[in-house]
Amino acid sequence: MYNYDVIIVGAGTAGTYFSYLLGKRGLKVLVIDKDSEKNLAKRLDIFHFTTQSFARFNLPESKAGDPEFVSKFSYIYSRSALDNYEKKNFLEVHVMHLPLFIQRLRNKALKEGVEFRFSTEFKGLLYDDKQRINGIETKAEEKIRARLVVDASGIPSVVRTVVKDPYMENFPIGPRDKFYVFLKYVKLKDPKVKIDMSLSWPYYKGWIAPQQNKDGAIVGVGANISVDYARKCMKKFEDSIKLPEYTLQYEEWGATPYRRPPYSFVTDGFLVLGDAACLTQPMNGEGITSAWVQSTPAADIVAEALKDRKYPTKEALWPINVMYQTGEGAEFAGQRALLVGAVNMTKADNDYLYANGIIFKSDDEEVKGSVAGNLIKGVLKGKFTLAALRSLMRASGTGNKLTKHYKKYPTTPEGYLNWKKRADCLWKKAGSMADNVKDAEE
Ligand SMILES: Cc1cc2nc3c(=O)[nH]c(=O)nc-3n(C[C@H](O)[C@H](O)[C@H](O)COP(=O)(O)OP(=O)(O)OC[C@H]3O[C@@H](n4cnc5c(N)ncnc54)[C@H](O)[C@@H]3O)c2cc1C
């Protein structure tokens, strides 16, 4: 009755990598994507990938000469709002072409027997006689039966948003829940200036980073609400910080989810992954590795849940929730709440944090005294505002509570609805990044 063990909707980094993991485990997998093979992932070119992720996710490292490889750097820098302080942290990062990287992942999946169908769009879910999900229908009205349906369709979350089940939140990812990323590919005017590492100004959510051309760079900004508002933030960023002089080559923009992930990633016969599950890093909106942190244990759990031709119930898939939410999920929930409070301050407040190694700290920096003590000292000396102190302490308190709550994620679906009630209360307290936007309409 089933055509496949698993059907994955979306052949981006999340869907393709997951299909490769499942193919390796001997499952019969189909990946569909609405885009043609030629146009897949063309919306973005250059992306960053921490070098240690190759080993972590068991992939051979990309090297000079590989089609996707552009360059590599070893440190990331960040600077304060008034540009007075700089922090330096060791992080090896690969700069690569995204469409070619996905192609490389796809070749690995194909070798494991995974099938791909392009220009094939998801239309709706199919159900068995017990009203359990058991496949999909495409826009071409083809019915494809699979025991597990996986949504890896990115921000549109085309499958998750139509699942009707108390264990699956089907919210759409709207403008308040996204970071619109606006990128300028530029050529630097001074040939002596080279951008060969990433430098960010978190206060403006702005940065400059390498691109494929050594005389060039990418200037970027992320902002909620709209692309127009991101353009406006770019202007504020460039009016405040003196970047190297450049001429514009072209612009690129995209969006990345910036909200808490759904509390559960699974229900009967269904799993959501990647951007469709809002799995992005709170600090920079990067999403590729977060999806894979979730996928790696998920592949084993799915293989076990499907063993002996079983139907994958939410009980069998539940360990995917537990493993992610008690690990990276707990850490990111705390960070996300903290950041809402940390961006809500003046430029001088932000400089004070940098000056004293609070939140922003170099690897070799020794900080004397506690965070709270140093912040209070700042208020007493008139260098840090009381409003910022309150906002930060409140955000940090809520962030700690969220982390603790996520670490107590229920081990079976029974405790979920009660756990969710408390989580809802804490997230309401935490607010969202979009609450800080006051000038989108000006
Ligand atoms: C400008 C920008 C820069 C970024 N830079 C980085 C970076 O440097 N490092 C990093 O880690 N992350 C980065 N990110 C985030 C990263 O790109 C995403 O987190 C990641 O690509 C998400 O992968 P995904 O597979 O979940 O979704 P997607 O890449 O969105 O893939 C989803 C796929 O589903 C398909 N699909 C959608 N609807 C349907 C449908 N109805 N039927 C069939 N198929 C469908 C789409 O065609 C698409 O191919 C960046 C994001 C932006 C916007």
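Every number here is computed from the coordinates shown, using simple stated rules; none is lab data. None of these values were measured; they are calculated from a predicted model. Here the Cβ is made from the backbone with ideal geometry for all residues, glycine too, and neighbour counts use every protein chain on show.
Only Cα sites of the chain enter the Debye sum here, all with the same form factor; the resulting log10 I(q)/I(0) across q = 0.07, 0.12, 0.14 1/Å is -0.36, -1.06, -1.38, listed in q order. The Stokes-Einstein estimate for segment 163-310, based on a Kirkwood radius over Cα pairs and taken at 25 °C with 0.890 mPa s viscosity, is a diffusion coefficient of 140 µm²/s. Comparing Ala81, Thr256, Asn213 along the charge dipole axis of the chain, the residue lying farthest to the positive side is Ala81, per the Cβ-charge model.
If contacts are Cα pairs under 8 angstrom and at least 6 residues apart, what is the relative contact order of segment 346-442 in percent? Each step should come with its number before you reach the end.
On the way: 42 pairs, mean separation 19.7, N = 97.
Result for segment 346-442 is 20 percent.
For the options Gly382, Gly216, Gly399, a Gaussian network treatment of the chain with springs between C-alpha atoms closer than 10 Å singles out Gly382 as fluctuating the most. Relative protection proxy for 281-291, 22-32, from highest mean packing down: 22-32, 281-291 (other beta-carbon atoms within 10 angstrom). Sorted into 10 angstrom bins from 0, the C-alpha pair distances of segment 234-300 split as 16, 35, 23, 16, 9, 1 percent. Hey, what angle do you get for helix 288-306 against the long axis of the chain, alpha-carbon based, 0 to 90 degrees rounded to 10? The helix 288-306 is inclined about 20 degrees to the chain. Segment 266-293 to segment 334-350: how many Å between their Cα centroids? A separation of 24 Å, based on Cα centres. Can you spot the aspartates and glutamates whose alpha carbon is less than 13 Å from Lys164's alpha carbon? Ignore those fewer than 8 places along the same chain. Partners found: Asp268.
Semi-axes of segment 332-436's equivalent ellipsoid from the Cα gyration tensor, sqrt of 5 times each eigenvalue, largest first, rounded to whole Å?
Numbers: eigenvalues 187, 46, 23 Å².
Square roots of five times the eigenvalues give 31, 15, 11 Å.
Over all other residues within a Cβ to Cβ distance under 11 Å of Leu273, the charged ones net out to -1, with Lys and Arg as +1 and Asp and Glu as -1.
State which entries of Lys178/Lys214; Lys178/Lys361; Lys87/Lys383; Lys205/Lys235 exceed 24 angstrom in Cα-Cα distance in the structure shown. Check vs 24 Å cut-off fails for Lys178/Lys214; Lys178/Lys361. Peptides 205-211, 268-274 ordered by packing proxy, namely the average of other Cβ atoms within 10 Å per residue, highest first: 268-274, 205-211.
Count charges around Lys314 for me, please; just the other residues with Cβ under 12 Å from its Cβ, Lys/Arg as +1, Asp/Glu as -1.
Working: positive: Arg132; negative: Asp165, Asp268, Glu315, Glu414.
So the environment of Lys314 carries a net charge of -3.
Comparing segment 289-390 with the 2.2 N^0.38 Å rule of thumb, its C-alpha radius of gyration ratio is 1.67 (two decimals).
Hey, any idea what the orientation-averaged projected area of the convex hull of segment 63-121's Cα atoms comes to, in nm²?
Details: hull surface 29.3 nm².
Computed as one quarter of the Cα hull surface, the answer is 7.3 nm².
Between the helical axis of 314-326 and the dominant principal axis of the chain, each derived from Cα atoms, what acute angle in degrees is found, rounded to the nearest 10? For helix 314-326, the angle is close to 10 degrees.
In this Cβ point-charge picture (+1 for Lys and Arg, -1 for Asp and Glu), the chain has a dipole of about 840 debye about its Cα centre. Note that segment 1-43 shows a convex hull volume over its alpha carbon atoms of 71 Å³ per residue.
Helix-only estimate, please: 222 nm mean residue ellipticity of the chain, summing -39500 (n - 2.57) across DSSP H runs of length 4 or more and dividing by its residues, to the nearest 500.
Values: 11 runs with 148 residues, N = 442.
Using -39500 (n - 2.57) per qualifying helix, the result is -10500 deg cm²/dmol.
Sorting Phe360, Phe90, Phe265 from the fewest to the most surrounding beta carbons within 10 angstrom yields Phe90, Phe360, Phe265. With K and R counted +1 and D and E -1, the other residues having a Cβ less than 13 Å from that of Val302 yield a net charge of +4. With contacts defined as alpha carbon pairs under 8 Å and 6 or more residues apart, what's the relative contact order of the chain in percent? With pairs under 8 Å counted, the relative contact order is 16 percent.
From largest to smallest, the equivalent ellipsoid semi-axes obtained for segment 176-257 from the alpha-carbon gyration tensor read 22, 12, 11 Å.
In segment 75-200, Rg over Rh equals 1.12, where Rg is the alpha-carbon radius of gyration and Rh the Kirkwood radius from pairwise Cα distances. Distance between the C-alpha centres of segment 361-394 and segment 177-200: 30 Å, rounded to the whole angstrom. Helix 328-342 and the long axis of the chain differ in direction by around 30°, with both axes built from C-alpha atoms.
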